[in-house]
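To keep things clear, I will list the structure first and then write my remarks on it.
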Amino acid sequence: MNTRIATATRLGFREQARRPLLLVLLVAVPFFFITKAIASTRPLPRRIGLPGGHEVLTTMRDIHGALMAAIAVAFLAGLCGAFIVRSARQADLRLVVAGFRPVEALLPRMLILSAATFVVLGVSLAVTALSFTPHSWLIFAAGTLLVGLTYACIGALAGALLGQLGATYLVFFLGMLGLGILQNPMFGTGTPTGAAVIFPDYGAVRVIVDGSFSSSFSAWAQLALALGWLGVLVAATTLVLRHMLRPSST
């Protein structure tokens, strides 16, 4: 990391430290959101489908335990993407005018956004551990991280194109429809199909389900799909934000 990027990153973290509400949201919302949802769900039996074609008998409460961390991380990472990157646009433009290359102004924001995603991921996993234990914490955490990074990119991209309000609505719409309904094994047959497959977080959610309820990992295709979606979103976000940081755009 060169000196310019390191300096801009340090200043970016200092800027976010002046916003204690952000840290409160990243810590308090997962604690309340996850514990309340799991505690209020009755442990009714539910048979769900796993990647690889297998089925497992679990409970509605455990399904909630498996997915609530991902939902919390998705919402908060998406909002961070929309607000952190968008709010820093004028400052980043000034850096470019001062001689920074667009990538040198953009990379610190992406590092700060990734750090925020890791913070909410850590809190969400810790809160989940109080009520639910997946078969594999590593796979469960990896799938949840993929969801968070995916939504962070969606939020940043939507924030750049639609503004903060439009990005907020988009993040909540995608999260509620995808994670909350179409991909949720609590609904339908217990195996998401159809429209759920086209959502960018489908593969990551299936990785979470596999890590939560399977003793062996079978979601290789879904993992590849999740990584593919993340790569596309990172590339699209980078291209759009770099274009917006051109000095001629001011």
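The values are calculated or read from the model by the stated rules, or taken from the named source; none is laboratory data. Since the structure is predicted, the reported quantities are computational estimates derived from the model, not experimental observations. Counting neighbours? That spans all protein chains shown, and the Cβs are built from the backbone with ideal geometry, glycine included. Surface accessibility is based on the protein's heavy atoms, side chains included, excluding ligands, DNA and RNA. Shrake-Rupley method; radii C 1.70, N 1.55, O 1.52, S 1.80 Å.
So which helices (runs of 4 or more DSSP H) are wholly in segment 20-131 and hold at least 3 residues that are on the phi < 0 side of the Ramachandran plot and at pLDDT 90 or above?
60-87, 102-128
Determine which member of the set Ala236, Ala196 is free of Cβ contacts under 8 Å to residues at least 40 places away in the same chain and either over 24 Å from Leu111 (Cβ atoms) or open to solvent by less than 50 Å² (accessible area, probe 1.4 Å) (or both).
Only one candidate passes the filter, namely Ala196.
Please give the number of the condition Pro185 fails out of (1) within 25 Å of Phe118 (Cβ to Cβ); (2) touching a Gly at 6+ places or on another chain (Cβ under 9 Å); (3) not small (Gly, Ala, Ser).
Status for Pro185: all satisfied but (1).
Of the conditions (1) at pLDDT below 95; (2) open to solvent by less than 40 Å² (accessible area, probe 1.4 Å); (3) part of a helix (DSSP H, G or I); (4) closer than 29 Å to Leu245 by Cβ, Phe172 clears all except one; give me its number.
The single condition Phe172 does not satisfy is (2).
With the requirement that a residue be open to solvent by less than 60 Å² (accessible area, probe 1.4 Å) and either within 13 Å of Ala156 (Cα to Cα) or of a type in the set (D, E, K, R) (or both), what does segment 93-110 give you?
Scanning segment 93-110 gives Glu104, Leu106, Arg109, Met110.
Look through segment 126-140, keep the residues that are in contact with a Pro (Cβ under 9 Å, 6 or more places away or on another chain) and touching a residue at least 40 places away in the same chain (Cβ under 8 Å), and return whichever of them is surrounded by the fewest Cβ atoms within 10 Å (Cβ to Cβ).
The extreme case among them is Val127.
Could you tell me which residue of segment 141-167 is nearest to the chain's Cα centre (by Cα), considering only residues that are open to solvent by 20 Å² or more (accessible area, probe 1.4 Å) and farther than 21 Å from Phe217 by Cα?
Applying the filter and picking the extreme gives Leu149.
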